Every structure is written in C-alpha cells, then in structure tokens.
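Down below is the structure, laid out as structure tokens.
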Amino acid sequence: MLDSVLVANRGEIARRVMRTARRMGIRAVGVYSDADADLPYVREADEAVHIGPSQPAQSYLDGAVLIDAARKTGAAAVHPGYGFLAENADFARQVAAAGLTWIGPDPAAIEQMGDKIRARNLMERVGVPTSPGSREPVADVPAALAEADRIGYPVMVKAAAGGGGIGMGVAASPDDLRAAFETARTRAERFFSSPEILIERCVEHARHVEVQILGLADGRVLALGERDCSVQRRHQKVAEETPSPGVSAGLREQMLAAAVRAGQAVGYRGAGTVECLVDADVGAFVFLEMNTRLQVEHPVTELVTGIDLVEQQFLIAAGQPPSFDPAAVTSSGHALELRVYAEDPVRFLPAPGTITKWEEPSGEGIRVDAGYQAGNTVTPFYDPLLAKLCVYGADREQALDRARAAVADFAIAGPKTNLAFHAELLASPQFVSGDYDTSLVSKLRPR
C-alpha cells in the first residue's frame, strides 16, 4: 500500500483527500501558494510545502514545482484532486517518469476522453448514444454554418478540449452561430490552448445527469449510480442530487450500462464520471463527455452507497482490490449537494473578501466539506467555492427538509455568499417537484 501522497491541489478538495489519507495511515503532503498559506488544509497536512506565488500558472499549474515538492518530501504518489492538472495527461506522464504513483487513470485514457470530438466518435463506435454532431474540428464560421445546417438548429457550440462550460454557447440561428462560434474559439484558445470547436445538436429540455464509474485494478468497471446536475448557472453546476428525480428505473439501467461500456472502451482505472444529457421530452439520453477525475459532487454518491471514493482511488492506484464487494453494491436514501460560493446570490459574480464569521450546520445526515474558516480571506485568484453542504435523508422529502434547515443554520459573514440562492432553490415548487431541467436557474433569476 502507498505510504505517502502529495495532494497537488488546494481548499476543500485537498482537505477532503487528506482526511481519507489520514484514516488509511497514508502521510499527506500539502502544497500552498502565497494566497493559501493560512487555509485549514495547510495546517492539517502532515507536511506542507510552499510552491510559489498566488497566480495558478506559477504554483498549482506548475507541474515541475509539484513533482519537486513530492521528491523533497519523500511522497510516493500524487493525487491531483479536481481542476488544475487533474486531467492533464502530460503531467500524469511526468509524475510516472519521476518514479511516483499517479492517483488517476492512465494518461492515454485522459487524452482520449479529454478531446470531446475523439470521445464522441469513440462512444458512437461502442454503442453509447450520442447526439448528432461534428466528427472533425470545425475550422471556421462557414464550416460551422454548413455543419449546423446538416445537424439542424438549435446547436451547441463547444471547445473540443474544454470543460466546465467555459465558452459553451447555444445557437438557434445562423446569426447566433456566428457570434457563438467566435466566442467559443476565443475562449478555447485562452483557457485550453486549443482553438478546436465542436458543434452538436442542442437538447432543448435537458437534464444534465452523470454516472459515477470506478475502474478497478483487476480491469472491471463498475457504475455506482447517477447524479442529477441540472441546477446550473452559466453552464456550471451549483447543486446536485442522487438519485435523479427525472430518471426512470429503466432509463437508469440503460445509462449505467452505457457508462460501463464507455469506461471499458478506454481501459479505465480509478474514479471517473460519464456525463449525459437526458431529453426530458422523450426520456432518452445522449453522451456529453467523460471527466477522468474525481468530481466536485462525489460526496452525494458516497452518502447513498457508503463507499469512500478517495479510498478506492488509493487502493486502485496501489493495485489493490476495493474495500467493498463489487457484486453487492447497493444504494439507499437520497442525497443533495449545495455548492456554497463567495458570490453575489443574484448575479452570481465572484465576491472575494475576508471571512469574519463561519458557523457550519451539523446534525444527522449533514456533511460539510469546507475549504475555509473564520479569519481566512477569499482571494480572486481561484474559483470562489467555499464549501460543499451535503445532506442525506431516507428519502428526497427528508433530504430536502434537512437541507433547508442546514442552509438556515450555515452562517457566513464577510464576503457575499449564495446561501440565499440555495434557500430560494429549496423553496422553489419546480425544484421541490423534481420536474426541472437545466433552465431552472434562469427561471429563478430571469434577466
């Protein structure tokens, strides 16, 4: 088994990985930039290494600095968390070349699934449903217009190498497409260093539903249920739940089977997520993309299955069997995750500042994965996620009741937060009914 790990990340995910490492007897090494020196995870690490300035490019995105920190501290492995270099195949190869264990899938799988066009084409070949779309990168506006005519409007315009909804746009007409294409290409070059663009049919009344997969050390791929991630602003998730109230038992079975096929197609090892769009009008799904890492929203799956996904990541990387019986995985109850951000709850714009009060809710079924505490400063250098408020109940009604009470009891002063939005969401008749799609936030916050 691994005896030590460098956690190449920050905030709540670094703290969360360290928690499992500590329980397993694995020494956890943390890294921090100038901006993060006072955050809880730095103090809780068995050893912490300063890796540079606050700017991500000079710290958390500098693979050489991270590997050097692992060598200096004697860490045997690197866990990338999510974001930053978690889905960077070159970094994964550098970790292995340095004689360290990479806590993640094979770099070839990262590379293959990181390109949306290659991933779409592969999924189509192995029988995973896909939406009509481009099989090659779309080079320019005339090519985009021709492709949209072939596919049929409305279409989604995406960065082929991107993620997190960055640069994504919807076009219902040629004029819309011209503007969306230029925006997507500009942001693709800026954020992903690749101008390649993908166009595919837009599912107008869509639920965003993803399947958690786990590729075991012996080659088997398991599906551990689905999560509904349809509550989004700017194409970015803000709340998730499992099981999805919009997925029937039959559709769930189809989605889980397709996710297993997707993992098998790339020889997947470790924790990953197959993301899909469910057409609420017809009850069918199509492949969206695959995230070759641990997801922000993984706690809801842990709450309903009782499986620690980070523990499984460590075991798989060490070539060990899982800590549970793969033939006896069960799911019970209902879980929700509410992402608590330092942001304006109306316009959803980041709101950095110093936290003067921090009181977390507690009680049965309540889990808070937090990256901050009172006295810490939220800086503009990173995503403004403060904490993940996770709630479990015997059924959805109980989970919603507990979530409402937990949001009311979560007290944060200093920067603005979106707790008021979550209170509104949990009181929304549409969300409470379970009959919602990705347009829900825009209906709650019409411009």
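The values are calculated or read from the model by the stated rules, or taken from the named source; none is laboratory data. Keep in mind that what you see is a predicted model, and the values were worked out from it rather than measured. Positions of Cβ are generated from backbone atoms using ideal geometry, with glycine treated the same way; all protein chains shown enter the neighbour counts. Remember, those area values only see protein heavy atoms, side chains included, never the ligands or the DNA or RNA. Shrake-Rupley method; radii C 1.70, N 1.55, O 1.52, S 1.80 Å.
How much accessible area per residue does the chain have, counting only protein heavy atoms and a probe of 1.4 Å, in square angstrom?
Accessible area per residue, the chain: 39 Å².
Which of Ser323, Ser244, Ser331 moves the most in a Gaussian network model of the chain with Cα springs under 10 Å?
Ser323
Can you give the helix-only mean residue ellipticity at 222 nm for the chain, where every DSSP H stretch with n ≥ 4 adds -39500 (n - 2.57) and the sum goes over all residues, rounded to the nearest 500 deg cm²/dmol?
The helix-only estimate for the chain comes to -10000 deg cm²/dmol at 222 nm.
Set Lys and Arg Cβ to +1 and Asp and Glu Cβ to -1, take the dipole of the stretch 117-163 about its Cα centre, and tell me which of Ala161, Ala139, Val126 lies farthest positive.
Value computed over the given set: Val126.
Rounded, prolate or oblate: which fits the stretch 92-179 when a ≥ b ≥ c are the square roots of the eigenvalues of the alpha-carbon gyration tensor, with rounded for a/c under 1.5 and prolate only if a/b beats b/c?
Cα axes put the stretch 92-179 in the prolate bin.
State, in angstrom, two size descriptors of the stretch 142-298 derived from its alpha carbons: Rg to one decimal place and Dmax to the nearest whole number.
Taking only Cα atoms of the stretch 142-298, I get Rg and Dmax of 16.3, 51 Å.
Give me the extension gain from Asp401 to Thr183: residue separation times 0.36 nm, minus the current Cα-Cα distance, reported in nm with one decimal.
Contour length minus the Cα-Cα distance gives 74.4 nm.
By average Cβ neighbour count within 10 Å, what is the ranking of 387-395, 347-355 from highest down?
Descending mean neighbour count gives 387-395, 347-355.
Name the residues whose placed amide hydrogens come within less than 5 Å of the amide hydrogen of Ile166, ignoring near sequence neighbours (fewer than 5 apart) on the same chain.
Excluding prolines and chain starts, which carry no amide H, there are no hits.
Using the crude model of +1 on Lys and Arg Cβ and -1 on Asp and Glu Cβ, and no other charge, please compute the dipole size for the stretch 98-201 relative to its Cα centre, in debye to 20.
160 debye
Place a +1 charge on the Cβ of each Lys and Arg in the chain and a -1 charge on the Cβ of each Asp and Glu, then give the dipole magnitude about the Cα centre in debye, rounded to the nearest 20.
So the dipole magnitude of the chain works out to roughly 360 debye.
For the stretch 175-276, calculate the relative contact order in percent as a whole number, restricting contacts to Cα pairs under 8 Å that are 6 or more residues apart.
Relative contact order for the stretch 175-276 comes out at 29 percent.
Counting only residues 5 or more places away or on other chains, whose amide H sits under 5 Å from the amide H of Val296 once H atoms are built in the peptide plane?
none
Taking the mean number of other Cβ atoms within 10 Å as a proxy for protection, how do you rank 249-256, 103-110 from highest to lowest?
Going by the mean number of other Cβ atoms within 10 Å, highest first, we get 103-110, 249-256.
So, by mean Cβ neighbours within 10 angstrom, what's the order for 281-291, 167-177 with the highest one leading?
The peptides rank, most packed first, as 281-291, 167-177.
Going from most exposed to least, what order do Tyr32, Tyr41 have by accessible area with a 1.4 Å probe?
Tyr32, Tyr41
Let me check the size of the stretch 351-405 from its C-alpha atoms; what are the radius of gyration and Dmax in Å?
Computed over the Cα atoms of the stretch 351-405, radius of gyration and Dmax are 13.7, 39 Å.
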